Amino acid sequence: MVQIKGHMGPTAFKAWSSKAITLLGMSGSGKTTLASKLPRDTWFHYSGDYRIGTRYLDEPILDNIKREAMKVPFLADLLRSDSMYICHNITINNLTPIASFLGMIGDPELGGLSVAEFKRRQALHRSAEIVAMYDVREFIEKSSQTYGYPNFINDAGGSLCELDEPDVIRQLAEDTLILYLKPSEALLNQIIERSLMAPKPMYYQESFLDHVLPLYLAENNLDGPEQIDPGEYFRWMFPLLVEHRLPLYEAIAQEYGVVVEADRVDDIKGEDDFLELVATGLG
C-alpha cells in the first residue's frame, strides 16, 4: 500500500529521520520565505520555479529575450556577429525572466500577446512544471545520496494546483508531506493588493482563461483581445483567479496533505518553530 505522508501523525512526523516536505499555496503566501528560514546545511531547498526556468524553459526564455534584442539595430548587429552573449540570471528569489516570457494578453503596442501566443507559452510552462514536479523524486535521492542533505523542502509554484495532473500530486504525496499554507482573509487581501499594484504574468488553466476573457471583453465593450490593456486586464482577472484557485488548494490538502495558517510564517524563527508548526497541523 502506498504511504501518503499527509496521513501520518505528529509523533511519526517528528520521528521521520529524513523529512521531505512540499510547500503548497498561493504566490505570496510565504513558501519561499519559509523555506529560506530552514538551516541551509541540513535542508535541500528545491525551487520548482527555478527548475522550470533554468532547465525546461531556459531556451524559450532566451529566445524571447533575443527576439526583443533583435528589434534594436545596435544589439541586432552584435548578436548576428556573435559579438555579445545573452543569458538570464534566474535565482530562487528572482524569477522575473520566467514572468517576462509568459507575458500577458493584450495590445501589442502595450507589450501584450495574442491569445494564440499566450496559450502557446502557457502550454510550455504547464509541461515544464509537470516535469519539474516529477523531478522532485529524483532530487530527494540526489540531495541525500550526492550532497548529504538529511532533509528536503520542495518550494512549489503557486500554479501547482492548476496542472490538472493527478499523478503529479499523488507522486508528491508519496514522496513528501504536502503542507498547504492557507492564507487568512487579511493575508489574502494583502496578496491581491500587492498583485494589483505590480501585475506579474503567471500560469493558469486554459479553461479559466476561456471563461473569463469573453467576460472582460463584454464588460469593457472591446471588439477583441488586441484592444486589451494588459495591466488593466490582469488587475480585473487576478481576484477571480484567487477565487478559482482556493478550492483547488483545499482539495489537494484535504486528500493528500495538511493545512497550516500562512499567517504564522512570520512567527517562524528557525527549524524548531517550523517543525512544531507542521506537527500542530498534523495533530
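What follows draws every value from the coordinates through simple rules; no lab data is involved. Just so it is clear, the structure is predicted and the values come from calculations on it, not from any experiment. Positions of Cβ are generated from backbone atoms using ideal geometry, with glycine treated the same way; all protein chains shown enter the neighbour counts.
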Relative intensity, log₁₀ I(q)/I(0), of region 49-189 from a Debye sum that treats every alpha carbon as a point, q = 0.10, 0.13, 0.16, 0.19 Å⁻¹
-0.47, -0.74, -1.00, -1.22
If each of residue 235 and residue 186 carries a label point 7 Å out from its Cα toward its Cβ, how far apart are those two points in nm?
2.6
Neighbour-count ranking [beta-carbon atoms within 10 angstrom, fewest first] of 32, 176, 280:
280, 32, 176
Can you tell me the 0 to 90 degree angle between the C-alpha axis of helix 271-282 and the longest principal axis of the chain, rounded to 10?
80
Return the distance in nm (one decimal) between the two label points of a simple spin-label model at residue 80 and residue 255, each offset 7 Å from Cα along Cα→Cβ.
5.4
Residue-wise HN-Hα coupling along region 73-90, computed from phi with Karplus coefficients 6.51, -1.76, 1.60 (Hz; x: Gly, Pro):
x, 4, 6, 4, 4, 5, 5, 4, 9, 6, 8, 9, 10, 10, 9, 8, 10, 6
For a quick protection proxy, order the peptides 234-244, 74-84 by their average other-Cβ count within 10 Å, most packed first.
234-244, 74-84
If you consider only alpha-carbon coordinates, what radius of gyration and Dmax does region 61-141 have, in Å?
15.7, 48
Computed, not fitted: 222 nm per-residue ellipticity of the chain from DSSP H runs ≥ 4 (each -39500 (n - 2.57)), nearest 500, equal to -16500 deg cm²/dmol
Using a simple charge model, +1 on the beta-carbon of Lys and Arg, -1 on the beta-carbon of Asp and Glu, nothing else, what dipole does the chain show about its Cα centre, in debye to the nearest 20?
680
37 °C / 0.692 mPa s Stokes-Einstein diffusion coefficient of region 1-131, Kirkwood radius on C-alpha pairs, µm²/s
182
Label-point separation, residue 70 to residue 208 (7 Å along Cα→Cβ), nm
3.2
Paired Rg and Dmax values of the chain, which use every Cα atom, in angstrom:
20.2, 64
Full-stretch length increase - residue 276, residue 92 - with 0.36 nm per residue and alpha-carbon distance subtracted:
63.7 nm
Under Karplus coefficients 6.51, -1.76 and 1.60, residue-wise ³J(HN,Hα) of region 129-145 in Hz, glycine/proline x
5, 4, 5, 4, 6, 5, 5, 4, 4, 5, 6, 4, 5, 5, 5, 7, 6
